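What follows is one structure encoded as C-alpha cells, with my remarks underneath.
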Amino acid sequence: MQDHNIMCPLCQSGNLTHSHVRRDSRGGLKYHDCGTCGLVSLDPRHYLLPAAEKERYDLHQNRPGDAGYEAFLDRLAGPLARKLKAGAEGLDFGSGPGPVLHLLMEKRGFRMSLYDPVYAKDERALERSYDFVTSTEAVEHFQNPGREFELLASLLAPGAYLGLMTKILYEDIDFIKWWYPKDPTHVCFYREKTFDWLAEKKGWELEYPGKDVIIFRKK
C-alpha cells in the first residue's frame, strides 16, 4: 500500500510503495520504502530528540590506535588513496567523537579537515571544495539525505571523489530481522539501487571497491 502525503527524504518522490513495521524495545516503528530510489527511511515521528541522539553518539568507543577499527576504515582509505594525486586535500564529513580516518589518510600524505554537526561544527570547513570527501558510518544518520547529499556535492571539486561507508541493504537481507536499524540514530538505509540512482541523478561515476564501501567520482 502506498504511503500518501509522505515524501522520500532523498529523492522527494511520493512513490513510497509500502512500509515496514519493526518492533523492538522502542515499540512499533514505521519505515517507508521508496519505489523510485530504493531508500528505506524511518518515519520522522520516531526520530530521537537531539539530546538523546548525542547521548547515543557519546557511547561510541572508536578511537585512534584501535587496530580493528583502523583496519575497518582501511577498506575505504586504501582504495580511495590509490585514486588520489599527491598532495590531495580532503574533508571527513561526520567525523564523530573520535576521528580516525583522517589520520590514516594523513599517513598516506593527504591533508584532511574535519566537520561534524555535533563534535566539530566548523562551518568554515564547508565554505570551500576538496579533492575528496569521506563520510564513514554517517549517511545512515542523515535525517534529510536529499539536502545532505546536495551539501556533499557542493564540497567536491571537479573530478573529486566522495567515499562512503555504510551497511548496504542488500537484496538478500530481511529488513524486519536486520540488526542495523536497531540503533535508534540510524534512520536511512541505502540499497545498491539507491546509490545507482544517486550516481545517475548527479552524473557521477560509481564503484563498490568492497562490501559496504562506495566511491563516487564527480565528473
Task: strands (runs of 3 or more DSSP E) (entirely within the stretch 95-168) containing at least 2 residues that are touching a residue at least 40 places away in the same chain (Cβ under 8 Å) - done: 130-136, 156-165
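From the list T194, T185, which residue is among the β-branched types (V, I, T), assigned to a helix (DSSP H, G or I), surrounded by 14 or more Cβ atoms within 10 Å (Cβ to Cβ) and at pLDDT 95 or above? First the steps, then the outcome.
Values: T185 fails: assigned to a helix (DSSP H, G or I).
Only one candidate passes the filter, namely T194.
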- [ ] Scan the stretch 193-210 residue by residue and report those that are out of contact with any helix residue (DSSP H, G or I) (no Cβ under 8 Å at 6 or more places or on another chain), in contact (Cβ under 8 Å) with a residue 40 or more places away in the chain and under 30 Å from R26 (Cβ atoms).
- [x] K193, T194, W197
Task: Subset of the stretch 30-68 [in contact with a helix residue (DSSP H, G or I) (Cβ under 9 Å, 6 or more places away or on another chain), part of a helix (DSSP H, G or I) and not hydroxyl-bearing (S, T, Y)] - done: E53
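Any chance you could count how many residues in the stretch 199-213 are aromatic (F, W, Y), over 15 Å from the mean Cα position of the chain (by Cα) and over 13 Å from F149 (Cβ atoms)? Break it down into steps so the answer makes sense when it comes.
So in the stretch 199-213, the residues aromatic (F, W, Y) come out as 204, 208.
Now narrow it down to the ones that are over 15 Å from the mean Cα position of the chain (by Cα): 204.
Those left that are additionally over 13 Å from F149 (Cβ atoms): none.
Residues that pass the stated criteria total 0.
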Open item on the list: Checking the structure you have, find out if any residue of the stretch 65-86 is of a type in the set (D, E) and closer than 14 Å to Y130 by Cβ.
Closed with: no
Task: Extreme residue, surrounded by the most Cβ atoms within 10 Å (Cβ to Cβ), among residues of the stretch 108-145 that are among the aromatic types (F, W, Y) and modelled with pLDDT of 95 or more - done: F132
Task: Count - residues of the stretch 47-71 that are surrounded by 15 or more Cβ atoms within 10 Å (Cβ to Cβ) and without any contact (Cβ under 8 Å) to a residue 40 or more places away in the chain - done: 3
- [ ] Assess whether V187 counts as being in contact (Cβ under 8 Å) with a residue 24 or more places away in the chain, among the β-branched types (V, I, T) and under 15 Å from P9 (Cβ atoms).
- [x] yes
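The values are calculated or read from the model by the stated rules, or taken from the named source; none is laboratory data. These figures come from a predicted structure and were not determined experimentally. FYI the Cβ positions are ideal-geometry reconstructions off the backbone, even for glycines, and counts take in every protein chain you see.
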